[in-house]
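In what follows, a structure is listed as structure tokens, so that the remarks can point back to it.
None of the figures in this text is laboratory data; all of them are computed from the coordinates on show. Predicted, not measured: the structure shown is a model, and the values here were computed from it. Every residue, glycine among them, receives a Cβ derived from its backbone with ideal geometry; neighbour counts consider all protein chains shown.
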Amino acid sequence: MPLGEVLMRKTRLATISTNPSNVKARDKRKKAPSLAKLKKKLWKVFSLYIRRRDNYTCVTCGRKGSGSGIHGGHYIVARACGLDYYFSETNVHAQCYHCNINLSGNSHRYREFMVRQYGEKTLKDLETNYWKPCHWAPEDFEKKIAHYEALI
Ligand SMILES: [Zn+2]
């Protein structure tokens, strides 16, 4: 391609990208929420569902609480598990602040509860598979958000 043509093309591209009407259109477009925002939104409705399901009663000490005094506590800790487990009804239960935060999940008691509730086999599956990678698209979050919003 002759140099003159290359320069002309570059000029044309520059014109397109700085054209004020294009910039305006880009600004008007609604930005899709980030995955972090979707995760936060889903956690809000999911953890409320979990706390209600468990009647705001800590599964590891039996203490009853209300509102934010009762958390959604992960059996497989949140920092280790992928999204499938982070938002798993089997992996998350109501826990009081003391058990969830001060006792870091009160894991020994939590395990006893899990065995009583689900049996050794389910628990072994949970403990074996938590590291498996999973990918959620924005639509997966949206679907779950709608699902839990309808339940709470
Ligand atoms: Zn507790």
- [ ] Within segment 34-136, list the GluC sites (Glu not before Pro) lying in a DSSP loop whose Cβ has at most 14 other Cβ atoms in a 10 Å radius.
- [x] Glu89
Open item on the list: About the Cα centre, and with charges only on the beta carbon of Lys, Arg (+1) and Asp, Glu (-1), how big is the dipole of segment 35-151? Nearest 20 debye, please.
Closed with: 340 debye
Task: Ranking of Tyr130, Tyr86 by count of other Cβ atoms within 10 Å, fewest first - done: Tyr130, Tyr86
- [ ] Rank these for me by crowding, Val92, Val59, Val115, going from fewest to most other beta carbons within 10 Å.
- [x] Val115, Val59, Val92
TODO: Grab the Cα-Cα distance for Ser107 and Lys132, subtract it from 0.36 nm times how many residues apart they are, and report the gain in nm with one decimal.
DONE: 6.9 nm
Open item on the list: Please rank Trp131, Trp43, fewest neighbouring Cβ atoms within 10 Å first, as an exposure proxy.
Closed with: Trp131, Trp43
